[in-house]
Amino acid sequence: MKKFFQEIKADIKFKSAGPGQKLTDTAGEKVPRERQSQQVTKQSRRGPTNEAQMAAAAALARLEQKQPRSRGPTSQDSIRNQVKKELQAEATISGSTDSSGANMVPEAKEEGSSNLSVSGVYFTCPFTGAILRKDQREAHIKEAINKHSDKDPVAASIMKIHTFNKDREKVKLGVDTIAKYLDNIHLHPEEEKYRKIKLQNKVFQERINCLEGANEFFEAIGFEKMTLPVPEQETSEEYYVLSEDALVQVEKLEQHKVALQNSEPVRAQLARQRRVFKPSPLAAQFDLPGDFFNLTAEELKREQKLRTDAVERLSMLRTKAMREKEEQREMRKYTYTLLRVRFPDGHILQGTFYARERLSVLYSFVREALQNDWLPFELLPAGGHKLSDENLAFNECGLVPSALLTFTWDTGVLEDIKASGAEQSPEILKPELLVTVENLA
């Protein structure tokens, strides 16, 4: 009897245990079919409502705004963009692009990066007006000066001496030596010895022959190379000998000497890249390319972090004068600065400057954009303090590598406007600038 009840209990237990499982089944398949059927019969989860989706999108946007903006593309994107720019530059120089495109600054957009405030630092050739990148300046100007040699060989040779030779002390010493040669001819035109210059002379070799363009200058003003016998010797040497035609017009040598002494190196001019933007809350946000830094963007970030950590550790041990000196040293690292000026009507004027340029340059830049350029005004940086000394450089005022300034009329002008009962005109900028107004991305 006892055995009979045990068999019944075992049979009931076996039937209630479910359909069972094969020995070949894996451990992940041990879910009972009843549970599977229960999961299948469960009602699917409802999606979020429209209100919830809108709230989530707004929260995500706020989080993205708090995140720091990336400085630029990855290394692969940078290489690709650089190659693309170099190909475009080569096409521009060779004349494969149209003339209008050669004088236009590229838009401030790059693949794989956020919209830059400006695409880079560019320069204008004083001869052709072409827009150049930093690495294109010297080659383009050298080519332009060489082409000018056919039209005016004297002026071209003078530009070569001052532009192609980088050591300014050597240039000055060579120019002074050439001036002495010409002075001797001008003061003593009848003396034959002053009309000859021995090319193997030590002074000529060390001071003049080493300068690029010096030989072209002598030949352009009337000297000719001749091989003459050395007195009391059986050998001969090369000389520069002033031609008879040049000797007749000896007064021109004095003019050439003055031009040589007063000349300056030919340099590409920094392109201001003036732009006008519509009113925008993003006026104080800048995203600069690597051209604005002496160091690369990655190196600058790394060094800034290291210095910030060091300053925090030593801040209690440093005097105010020491901290100010350190800040000035940091400011000198920047070569260029991007400045924006916000006007009372909300429009924003933007330009690129050297960090060492003076505030007076910025005032002139703004004045050129005003309808009433004769009215006095002030430019206030963040904090609202006046920039009273226009002789200060931007890096001395902390306006590097970028800054937003506020335009305001001089106090006397505002009082006159108020006394006249007229409202301040919303159109402060010139109409031709307002035609080209852009959206600030």
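The values are calculated or read from the model by the stated rules, or taken from the named source; none is laboratory data. What you see is a predicted model, and the numbers here were worked out from it, not measured in a lab. As a convention, Cβ positions derive from the backbone with ideal geometry for all residues, glycine included, and neighbour counts pool all protein chains shown. Protein only, heavy atoms only, side chains kept; ligands, DNA and RNA dropped before computing areas. Shrake-Rupley method; radii C 1.70, N 1.55, O 1.52, S 1.80 Å.
Observations
- Residues that are open to solvent by 40 Å² or more (accessible area, probe 1.4 Å) and closer than 17 Å to A268 by Cβ, drawn from the range 351-360: Y354, R356
- Close pairs (8 angstrom Cβ cut-off, 6 or more residues apart or separate chains): farther than 22 Å from T406 by Cα in the range 332-344, part of a strand (DSSP E or B) and open to solvent by less than 40 Å² (accessible area, probe 1.4 Å) anywhere: K333/F293; Y334/F293; T335/F293
- Residue within the range 162-179 that is in contact with a Ser or Thr (Cβ under 7 Å, 6 or more places away or on another chain), under 22 Å from Q255 (Cα atoms) and either without any contact (Cβ under 8 Å) to a residue 24 or more places away in the chain or assigned by the TED database to the domain that holds S243 (or both) present: yes
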